[in-house]
Structures are given as structure tokens and as C-alpha cells.
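Below is one structure; the comments refer to it alone.
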Amino acid sequence: YARWESAGYFKPSGDTNQPAYCIMLPPPNVTGTLHMGHAFQHTLMDALIRLHRMQGDNTLWQPGTDHAGIATQIVVERQLDAKGISRHDLGRDKFLEKVWEWKEHSGSTITRQMRRLGTSPDWSRERFTMDEGLSRAVSEVFVKLYKEGLIYRGKRLVNWDPVLMTAVSDLEVVSQEEDGFMWHILYPIEGEDGHLEVATTRPETLLGDVAVAVHPEDERYRHLIGKLVRLPIAERSIPVIADDYVDPAFGTGVVKITPAHDFNDYAVGQRHQLAPISIFTLDAKINELGPLEYQGLDRYVAREKILAELKDRNLLKAAKPHKLMVPRGDRTHAVIEPMLTDQWFMAMEGLARRGLDVVKSGELKFVPENWTTTYNQWLENIQDWCISRQLWWGHRIPAWYDEDGTVYVASNEDEAMKMAGGRPLRQDEDVLDTWFSSALWPFSTLGWPDETPELKSFLPGSVLVTGFDIIFFWVARMVMMSLHFTDKVPFREVYVTGLVRD
């Protein structure tokens, strides 16, 4: 192997009279070691690469690793935990030094494994998603998309992992059926005797209720629409509203509306112009908007206290066993909390249309073809992408703020300073979702934004070999980014393999 590598046998021939053949290695997470699934896919890629190399094609197999934001930060934080140190004790810069040390150690394990397997990528071109060239491509893309109005900042409801203390995407949330309860709580009707019976699986969010909703056609409650009920414990008056979202046959047909802590409620709140009340801290404890004796309590401790208090006041009507889908973070297994936070988003609709068109026209094909449906369904129902993460490891968002909170998005601090007329600036603390940089992999590894000979020869690539689990995370995003920034598809075929489950 050492002889093959030193003799340069794995490099492209550079003969532009021959057809170009290129495979991009899906960059493994730098913190990990390769598993059976990698061995399987790398073997398939190596077979294709060696075949085309022997046929005389100008052949490139582009290797590299991914910085894997969340996964890497968790690994290094656990190592520090074992020594009784938290990342906050070290501060951002010192913590990042530790991560780079770990990356050097871990990354070489992966490349050593690939060499032992006998795979033949062009090691002279190896890349890392946080190396200088790829980081430059990331800021260039961010700045361009921001100028085009496709990246914006806003306060929106996101999936929040209270252990990692960061937003995570829908794709990183695993919902599983668990045993819980449906609690029936009585909300006294103001100005008359009687109560509205509200059914909920999350009584702790009661402190953030801003309304109760009934179906507009529900005869049982129609006379109450527009009246007020008294919110127990929080002691506020909230309106009874009518909304089609309520299913009259589910629970009691009366739903509490907590826009700051539930995605459906958020939509109802927007329709009825209800101001959301966020009652949790970022580590899922009751904040200063809860009653004094609840402040600082963990969400589940608060749940028990609320239920006990409702029982004392004869406002807890029933507790019925109920199976429910519980969303958990795929890395921490913590229950995900919808949270209203300031985040950066990317508008996806226009990009998704182009992504759908190239598959429809046959410019990009899936093998086996049935995976086209998975790809199309996701792009047809796409939401704007929350691209910011509250981590320290990753590409820091290229945005700076002055004392008034005005934002300057620029490739670097000097440029931002010029834009701000020399005012003192602080950089945004957040980093970009890992998948943002890996979405650029097919062209950033070839030297983009520079016009390189490699970019000319090897984009579009020939085939991508990948598992079906990252069609949304990665494949679709590479297609959209590549079309937007180079006007080319990133590859002509996507060969979707099975996953090794055992």
C-alpha cells in the first residue's frame, strides 16, 4: 500500500482527452472510527474507482472528514467531564484547542483504517470541513445567501435540546411511543359558575397558556367562544377561541394553547395574534415568568408540583393512562422542548424547486429508483432550515453586531469593521449546522470559489454512494447548494445502499 501511495497511483491521470470519473467520499465524522457500514460502502466505491482507473478514465476519488459539530463537542465534553472540568471552565478558545487535539488523534484513526482496507482515494487531496479552504467557501456562501435575502435571522420556535443547550433540526429528533398520561384539568369560567375541562399530556406548560381553543362547530362549547377562563396557578385570565385545529373527538375537545412550547399551538397563536409566553430557561427549568415558588424547578419537578396543587384545589378531574409520541434528541436522548429563540434560517422553497426539477428531468438519477420518492416528498414539503447551533465547535457565523444590535454580515471581521464605520463589534456566538458545510462538499473540495481545473474536470461528479438515512440531511442539500452556486448538479447518480443494522 505504501508503495502504491508514494508512487501516486491513486491520483487522477490529468488526461483531459479521457472521460472524467469522480466519486466524492461521504466525509466520515472525524470523532468516530469507521464501522461495518463504512467498510461496505468504501468497498463499493473502491471497486467503481479501480474499474474506471483501469479503463483509462481521468479518475478522482476525493477523500476527507467532517468536523461533525454536535458529535465532536459531546465526545470532548465527556472527556473533560471525566476530569471534572466543564467547557465553561476552560472558555471558548481553550476548549477549541482541546477539540483540535482530539481531531488530530481521531482523524488519523479513520485514514489509517481506510489504508488498511486497501481503498484507493487520492490522499494528496484530502480535505477537512474546517480547513482553511473549506471554511472560506462556507463564509462566501453564507454572505452571498444573506445578500440574496435567502438567509435571515428571526425569533422562531425550534427543537431545543436542553442537555446540549442548542437548537437541533427535525431530522435529529427521534419520536418514540412512550407511556404517559392525559390529565384533565378544570379551568374556571369567569363571571359564571362552571369550568372548562382541558385535556393535556404536558401540565407543566400550563404556566405559559395564552388561550384555550375549541372547534368552531362544537355545539358543547359554542356559547363560550369569546369568554374568559381563569388559568389555575398562574392566575391570569385567558380567552376561549375557536380554531379548526381542535379535534372535537380527542380528549375533551378543549385544548390549552401554549404558543411558546408547542409547534401546533404556535401556528394557532399566529392565526389569532396571541403573544407567546416562554416559561422555560434554556436548561428546561421554570423561568422568572412562572410563579415565585416554581421558579428554578426542573420541568418534571414542576409538573408534579402543579398536579399536586391542582388536586388540592379540586381542579384535577382525571389522570388517564395515554400512549404518546415523545420527541428525543438523537445524541442525548433528552426530551426535546420546543423553544422560542433567536436563530438564523435559510429560505428553502426556491432552492427546493430546482432540486426537484433536476430529478424530474433525469439529470440526476437515484439507484434504486424508489428512493426518488423519499427525496421528492421531503423537498415538496420543505420548511426553512434553522442553520444556527448554540455550540462552540464549528464554523462560527460570519455576522457581527455593534452596540445598537445592528448586524453586519461579512467574510471577515475587517470587512465587517469597514461596514460598521470602525465601531466596536462582537461576533455572533453561534456556529453553523454541520450539514451546512457538508452541503458544499462536491464543489468546495475542488477549490470553489476559485475557478480551478479540478472544478472544471470533476463537477458534476459521476456517482454518490450513500445510505438512505442521509438523503434529506445531505444528498438533497448538496443538490440544492451545487445548483445554486455552480449551476451544475453535484453528481449524476445517487447509489443508495442499505444500512448494516447489526
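Worth pointing out:
- Boolean, residue 373 is farther than 30 Å from residue 238 by Cα and either in contact with a helix residue (DSSP H, G or I) (Cβ under 9 Å, 6 or more places away or on another chain) or not in a loop (DSSP other than H, G, I, E, B) (or both): yes
- Qualifying position, being out of contact with any Asp or Glu (no Cβ under 8 Å at 6 or more places or on another chain), over 13 Å from residue 346 (Cβ atoms) and open to solvent by less than 50 Å² (accessible area, probe 1.4 Å), among 141, 173, 158, 168: 158
- The set of residues in segment 208-245 being open to solvent by 40 Å² or more (accessible area, probe 1.4 Å) and touching a helix residue (DSSP H, G or I) at 6+ places or on another chain (Cβ under 7 Å) consists of 245 alone.
- Close Cβ contacts (under 8 Å, 6 or more residues apart or on different chains) running from residues in segment 315-334 that are touching a residue at least 40 places away in the same chain (Cβ under 8 Å) and farther than 26 Å from residue 229 by Cα to residues that are β-branched (Val, Ile, Thr) and open to solvent by 60 Å² or more (accessible area, probe 1.4 Å) comprise 327/174; 328/174; 329/163; 329/174; 330/174; 332/163; 334/163.
- Every condition in (1) surrounded by fewer than 13 Cβ atoms within 10 Å (Cβ to Cβ); (2) out of contact with any Pro (no Cβ under 8 Å at 6 or more places or on another chain) holds for residue 313 except the one numbered (2).
- Where a residue in segment 467-481 is under 23 Å from residue 40 (Cβ atoms) and open to solvent by less than 30 Å² (accessible area, probe 1.4 Å) and its partner, wherever it lies, is among the hydroxyl-bearing types (Ser, Thr, Tyr) and part of a helix (DSSP H, G or I), with Cβ under 8 Å and at least six apart: 471/374; 471/375; 474/438; 475/375; 476/375; 478/438
- As a summary of the residue check, residue 36 satisfies the conditions (1) in contact (Cβ under 8 Å) with a residue 60 or more places away in the chain; (2) exposed (fewer than 13 other Cβ atoms within 10 Å of the Cβ); (3) more than 30 Å from residue 161 (Cβ to Cβ); (4) within 34 Å of the chain's Cα centre (by Cα) except for the one numbered (3).
- Candidates are the residues of segment 1-40 that are assigned to a strand (DSSP E or B) and not hydrophobic (A, V, I, L, M, F, W, C); the one that is modelled with the lowest pLDDT is 29.
- Residue within segment 92-101 that is assigned to a strand (DSSP E or B) and either within 30 Å of residue 459 (Cα to Cα) or touching a residue at least 24 places away in the same chain (Cβ under 8 Å) (or both) present: no
- Within segment 284-294, considering residues that are over 16 Å from residue 236 (Cα atoms) and part of a loop (DSSP other than H, G, I, E, B), the one least open to solvent (accessible area, probe 1.4 Å): 284
- In segment 15-33, the qualifying residues are those that are within 17 Å of residue 493 (Cα to Cα) and open to solvent by less than 60 Å² (accessible area, probe 1.4 Å), and the one that is farthest from the chain's Cα centre (by Cα) is 20.
- The set of residues from segment 190-207 being farther than 15 Å from residue 265 by Cα and open to solvent by 20 Å² or more (accessible area, probe 1.4 Å) comprises 190, 191, 192, 193, 194, 195, 197.
- Residue in segment 422-441 that is under 30 Å from residue 19 (Cα atoms) and outside any helix (DSSP H, G or I) present: yes
- All positions within segment 41-61 that are under 14 Å from residue 464 (Cα atoms) and either part of a loop (DSSP other than H, G, I, E, B) or open to solvent by 70 Å² or more (accessible area, probe 1.4 Å) (or both): 43
Yes/no matrix, rows are residues, columns are (1) more than 28 Å from residue 70 (Cα to Cα); (2) modelled with pLDDT of 95 or more; (3) touching a Cys at 6+ places or on another chain (Cβ under 7 Å); (4) surrounded by fewer than 15 Cβ atoms within 10 Å (Cβ to Cβ):
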{"position": "282", "(1), (2), (3), (4)": "no, no, no, no"}
{"position": "297", "(1), (2), (3), (4)": "no, yes, no, no"}
{"position": "302", "(1), (2), (3), (4)": "yes, yes, no, no"}
{"position": "324", "(1), (2), (3), (4)": "no, no, no, yes"}
{"position": "332", "(1), (2), (3), (4)": "no, no, no, no"}
{"position": "340", "(1), (2), (3), (4)": "no, no, no, no"}
{"position": "353", "(1), (2), (3), (4)": "yes, yes, no, yes"}
{"position": "359", "(1), (2), (3), (4)": "yes, yes, no, no"}
{"position": "367", "(1), (2), (3), (4)": "yes, yes, no, yes"}
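- Qualifying residue in segment 84-106 (condition: closer than 26 Å to residue 469 by Cα and surrounded by 15 or more Cβ atoms within 10 Å (Cβ to Cβ)): yes
- With respect to being farther than 30 Å from residue 74 by Cα and assigned to a strand (DSSP E or B), residue 462 fits the description.
- Residues of segment 278-335 that are out of contact with any strand residue (DSSP E or B) (no Cβ under 6 Å at 6 or more places or on another chain), under 21 Å from residue 166 (Cα atoms) and among the basic types (Lys, Arg): 299, 331.
- No other residue among 499, 455 is surrounded by fewer than 22 Cβ atoms within 10 Å (Cβ to Cβ), in a loop (DSSP other than H, G, I, E, B) and touching a Gly at 6+ places or on another chain (Cβ under 8 Å) apart from 499.
- In the condition set (1) touching a helix residue (DSSP H, G or I) at 6+ places or on another chain (Cβ under 7 Å); (2) within 19 Å of residue 477 (Cα to Cα), residue 297 is compliant with all but (2).
The values are calculated or read from the model by the stated rules, or taken from the named source; none is laboratory data. All of these numbers come straight from a predicted model, not from anything done at the bench. We place every Cβ from the backbone using ideal geometry, glycine too, and count neighbours over all the protein chains shown. Each accessible area value is taken on the protein alone, full model and side chains, heavy atoms only, with ligands, DNA and RNA left out. Shrake-Rupley method; radii C 1.70, N 1.55, O 1.52, S 1.80 Å.
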